[in-house]
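Only the coordinates and a few stated rules stand behind these numbers; no lab work does. All values derive from a computational prediction rather than experimental measurement. Here the Cβ is made from the backbone with ideal geometry for all residues, glycine too, and neighbour counts use every protein chain on show.
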2 protein chains.
Amino acid sequence: MLYLIPTPLAPDAAASSVVPIIAELVKNTPYFFVEELRTARRFISSLKTGVVIDELVFWELNKDSDPQKVLKQIKFLKTNGHSAIVLSEAGCPGIADPGAVAVKFAHQVGLPVNALPGPNSMVLTLMGSGFNGQAFTFNGYLPVGNPGRVAKLKELEKELYRTNTTQLFMETPYRNMQLFESMMQALAPETLVCVGANLTAPDQILITKPVKEWKKDLPKLHKIPAIFAIGLFN
Amino acid sequence: MLYLIPTPLAPDAAASSVVPIIAELVKNTPYFFVEELRTARRFISSLKTGVVIDELVFWELNKDSDPQKVLKQIKFLKTNGHSAIVLSEAGCPGIADPGAVAVKFAHQVGLPVNALPGPNSMVLTLMGSGFNGQAFTFNGYLPVGNPGRVAKLKELEKELYRTNTTQLFMETPYRNMQLFESMMQALAPETLVCVGANLTAPDQILITKPVKEWKKDLPKLHKIPAIFAIGLFN
């Protein structure tokens with residue numbers, strides 16, 4: 001079995017992020033695909049399961065991983081009837097995070113896949129937005145810099161008003177303010193923007209208001225993980 | 001505060017579905033917006049917090065709710081400094097489920113909103129699919145009946161190959177097989193289909209394979225909650 005296990009988005013957020021069965025799975029699974037070794041060790045040790053971390057096998061799985069090596073590891077699990085856990089640095093493996101390549105090979109060689117519930121910043125933002133949750137698109141990263149970014153934002157806004165499909169997108173945290181300023185420039189004053197930032201942390205932001213209200217008091221998002229959404233109140 | 005709390009997708013799945021802080025919140029919050037009274041009572045009692053269910057206040061919130069009544073309830077919470085919890089029948093409030101109307105009013109009157117992590121069948125399917133998780137669209141329900149359904153499926157497939165945006169969609173469970181048969185008819189033999197059905201239950205299906213492989217052995221999905229995705233292995 002290949003278990004896909006979400007990890008907390010914020011420090012000390014285990015109580016709001018980790019379902020009980022995860023400690024049990026970690027206790028009984030010796031192989032781990034991990035995006036980042038240090039974070040993975042810290043997460044496993046935070047579960048206080050009593051496992052000896054130095055006895056576990058860690059395989060790094062990130063954008064630099066050689067797919068052929070991952071395929072060999074998946075085949076090893078399948079052949080020997082072993083299970084492994086996939087951990088990304090924060091949030092859900094495979095969703096705007098590495099992990100999908102291991103899942104692909106698992107399906108191809110017939111190793112069963114199981115995904116566990118947990119924190120996902122897109123879902124938390126969508127739930128908390130009040131926007132249409134019957135139809136939504138996560139657009140990932142928008143073009144960096146203008147005029148590309150403003151043009152893309154205008155395109156998403158047009159699509160929103162045409163189809164009432166909630167549009168979600170993000171940026172690397174240290175460029176959040178540039179993106180937010182482009183949103184203020186590109187979007188109509190009445191367009192509703194939801195910001196989901198530092199989610200599950202005590203100082204999280206999860207607020208929807210029109211562009212013209214955001215403009216009065218820009219949120220401080222520099223280097224803070226954030227998801228942005230535009231949508232309609234139905 | 002308006003807390004949006006996901007509920008388990010399958011019976012007896014609390015250990016894989018409910019983060020620990022939820023019991024604490026339920027214990028300390030007397031007001032509940034609920035999609036269905038019976039399921040909400042059962043969920044609350046399953047948490048074994050010791051709260052007396054008959055002392056809680058339940059406000060039904062579903063597609064038949066009068067928005068003006070919901071607005072009054074939200075204003076009551078805001079004015080009196082009270083918190084409430086929103087519970088849908090299964091999964092995340094506000095995502096292909098009622099709840100968004102309460103969230104909308106909360107933002108409008110300035111009642112803070114907090115969304116808790118938990119099971120979401122779209123996210124579980126996307127994680128388990130191996131498809132692109134950097135760009136995806138949840139299309140909700142497709143047109144019922146043909147030629148509309150087949151045409152929409154062909155349109156989604158075209159969009160997938162054009163943009164590598166994973167396309168997710170669903171159907172009411174008793175029409176799953178009609179949808180699945182339309183997929184087998186509309187989609188190219190090599191197109192990859194992921195089925196996420198009965199997720200978090202012991203007999204869940206979470207499998208990706210090409211249409212031509214699914215055709216050899218159609219999954220039994222009649223009346224089983226399911227999410228479908230088409231996507232690419234990158």
Is the C-alpha gyration tensor of chain A telling us rounded, prolate or oblate? Criteria: a/c under 1.5 is rounded; beyond that, a/b larger than b/c is prolate, otherwise oblate.
prolate
Once the dipole of region B:2-115 is set up from charges on Cβ (+1 Lys and Arg, -1 Asp and Glu), the residue from the list B:Phe32, B:His107, B:Ile22 lying farthest towards its positive end is B:His107
Part-to-part distance (alpha-carbon centres) for region A:11-51 and region B:193-234, which is given in Å
28
With point charges of +1 on the Cβ of Lys and Arg and -1 on the Cβ of Asp and Glu, referenced to the Cα centre of the protein assembly as shown, which listed residue (B:Ala10, A:Gly140, A:Ala226) lies farthest in the positive direction of the dipole?
A:Gly140
So for region B:121-231, using the alpha carbon gyration tensor with a ≥ b ≥ c as root eigenvalues (a/c under 1.5 gives rounded; past that, a/b versus b/c decides prolate or oblate), I'd call it rounded
Given points 7 Å out from each Cα along the Cα-Cβ axis, report the A:Leu71 to A:Asn164 separation in nanometres with one decimal.
4.7
Of A:Lys154/B:Lys78; A:Lys216/B:Lys63; B:Lys63/B:Lys152; A:Lys209/B:Lys75; B:Lys158/B:Lys215, which sit over 23 Å apart, Cα to Cα?
A:Lys154/B:Lys78; A:Lys216/B:Lys63; B:Lys63/B:Lys152
GNM flexibility winner over chain B from B:Ala13, B:Ala102, B:Ala135 (Cα, springs under 10 Å)
B:Ala135
Everything considered on the Cα gyration tensor (a ≥ b ≥ c; rounded for a/c under 1.5, else prolate if a/b is larger than b/c, else oblate), the protein assembly as shown must be described as rounded
May I ask for the angle, rounded to the nearest 10°, between helix A:176-186 and the longest principal axis of chain A, with both axes built from Cα atoms and the value confined to 0 to 90°?
40
Sparse-neighbourhood loop hits (trypsin sites (Lys or Arg not before Pro), region B:184-231; DSSP loop; Cβ within 10 Å at most 16 others) -> B:Lys220, B:Lys223
Test item: Cα-centred dipole of the protein assembly as shown, Lys/Arg +1 and Asp/Glu -1 on Cβ, debye
540
Helix B:100-109 versus the longest principal axis of chain B: what angle, 0 to 90°, nearest 10, using Cα atoms?
50
Could you order the peptides A:67-77, A:106-116, A:90-100 from most to least packed, using the average number of other C-beta atoms within 10 Å per residue?
A:90-100, A:106-116, A:67-77
For region A:55-197, what is the charge dipole size about the Cα centre, in debye to the nearest 20, if Lys and Arg each add +1 at the Cβ and Asp and Glu each add -1 at the Cβ?
440
Starting from the Cα of B:Lys69, draw a straight line to each of the aspartates and glutamates and keep only those under 20 Å, dropping any in the same chain fewer than 8 residues away.
B:Glu35, B:Glu36, B:Glu60, B:Asp97
Between 0 and 90°, nearest 10: helix B:67-80 axis offset from chain B longest Cα axis:
50
Assigning unit charges at the beta carbon (Lys, Arg +1; Asp, Glu -1) and nothing else, what dipole magnitude in debye, to the nearest 20, does region A:121-231 show about its Cα centre?
180
